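To start, the structure under review is shown below, and the notes come after it.
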Amino acid sequence: MGLSLGIACAVVLLVLPLITFSLFQKYLRRFYGFQEVDPAGRRKRSLSSKLKDMQSFFGLNQTGNLDSYTLAVMQTPRCGVPDVHDYVHSQGNRWTKNVLTYSVGRYTSDLPASTVDSLIASALDMWAKVSPLRFIRSFSQQADIMVEFEHGDSFPFDGPKGTLAHAFDPGEGIGGDVHFDEDELWTAGFNSSASDFAAHEFGHALGLRHSQNPESLMYPTYRARKTHNLLSSEDIMNINVIYGMH
Ligand SMILES: [Ca+2]
Ligand SMILES: [Ca+2]
Ligand SMILES: [Zn+2]
Ligand SMILES: [Zn+2]
């Protein structure tokens, strides 16, 4: 939490109220299941109650108002996977096998393919070290985990910043796939944290959800960490709950 709060005051001064309102609705729609009209005809939950859910997730004061701390979190680049899952149809949250294939379908034009390959290998290795899971490189377009820097699904990205990547729960087809937003500039300078970020997305591909614990690799916002290539004890416990111990 501290990481986002530090920049709160600087950020809020730069923001126009109108832009803010649409950002805020979009954020709650995308990550907290806010709907203007509830298709089931039940009483819809108000925007402010969804905002309280978001504030609670990030450990902020649950004011139900868009204060500067809340806004700062909403403007922090993050993963595209929602923070609450009860409204999303889930395909099931684990693979029924321990040996998974992965393949890079489309590379970014920002980095050499060999750099991307080694980032992905080291990100997957973080999970393999602490679980019975094994990852085998494949060149097929039908690998279990397809990694893409372009994508054609119904969850469009948003240009630079904002959402950086997203991933799908274990399952057939698009299940387990990881997509990075090619509108980001994936630079070599990003590398020190890039394997952590990729490992976060692979966590979703293995069935993990977002964590409220800022120490966890599965925390939803992107930030530079002091240490790299390290899972938190919570991450290790959660992957072991699903797949068993190493
Ligand atoms: Ca797949
Ligand atoms: Ca983006
Ligand atoms: Zn995520
Ligand atoms: Zn996608």
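The values are calculated or read from the model by the stated rules, or taken from the named source; none is laboratory data. Please read these numbers as outputs of a predicted model, since none were measured by experiment. A quick note on method: Cβ atoms are made from the backbone with ideal geometry, for glycine too, and the neighbour counts reach across all protein chains shown. Only protein heavy atoms, including side chains, enter the accessible area calculation; ligands, DNA and RNA are left aside. Shrake-Rupley method; radii C 1.70, N 1.55, O 1.52, S 1.80 Å.
Values as computed for the structure displayed
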{"quantity": "Pro156 being in a loop (DSSP other than H, G, I, E, B) and surrounded by fewer than 16 Cβ atoms within 10 Å (Cβ to Cβ)", "calculated": "yes"}
{"quantity": "Hits in segment 179-195 (condition: within 15 Å of ligand 3 (Cβ to nearest atom) and either assigned to a strand (DSSP E or B) or open to solvent by 60 Å² or more (accessible area, probe 1.4 Å) (or both))", "calculated": "His179, Phe180"}
{"quantity": "Residue check for Thr227: at pLDDT below 95 and either assigned by TED's automatic domain parsing to the domain that holds Leu60 or under 17 Å from the mean Cα position of the chain (by Cα) (or both)", "calculated": "no"}
{"quantity": "Pairs where the first residue, in segment 44-66, is without any contact (Cβ under 8 Å) to a residue 12 or more places away in the chain and the second is among the acidic types (Asp, Glu) and assigned to a loop (DSSP other than H, G, I, E, B), C-beta under 6 Å, 6+ apart", "calculated": "Lys44/Asp38"}
{"quantity": "Verdict on Ser138 being surrounded by fewer than 20 Cβ atoms within 10 Å (Cβ to Cβ), on the phi < 0 side of the Ramachandran plot and either touching a residue at least 40 places away in the same chain (Cβ under 8 Å) or more than 16 Å from ligand 4 (Cβ to nearest atom) (or both)", "calculated": "yes"}
{"quantity": "Subset of segment 166-178 [open to solvent by less than 10 Å² (accessible area, probe 1.4 Å) and in contact with a strand residue (DSSP E or B) (Cβ under 6 Å, 6 or more places away or on another chain)]", "calculated": "Gly176, Val178"}
{"quantity": "Unique match (being open to solvent by 70 Å² or more (accessible area, probe 1.4 Å) and either more than 16 Å from ligand 3 (Cβ to nearest atom) or outside the structural domain of His228 (by TED's automatic domain parsing) (or both)) among Val130, Val99", "calculated": "Val99"}
{"quantity": "Enumeration of residues in segment 194-227 that are over 23 Å from Ile174 (Cβ atoms) and either touching a Ser or Thr at 6+ places or on another chain (Cβ under 6 Å) or within 16 Å of ligand 1 (Cβ to nearest atom) (or both)", "calculated": "Ser195, Glu215, Ser216, Tyr219, Thr221, Ala224"}
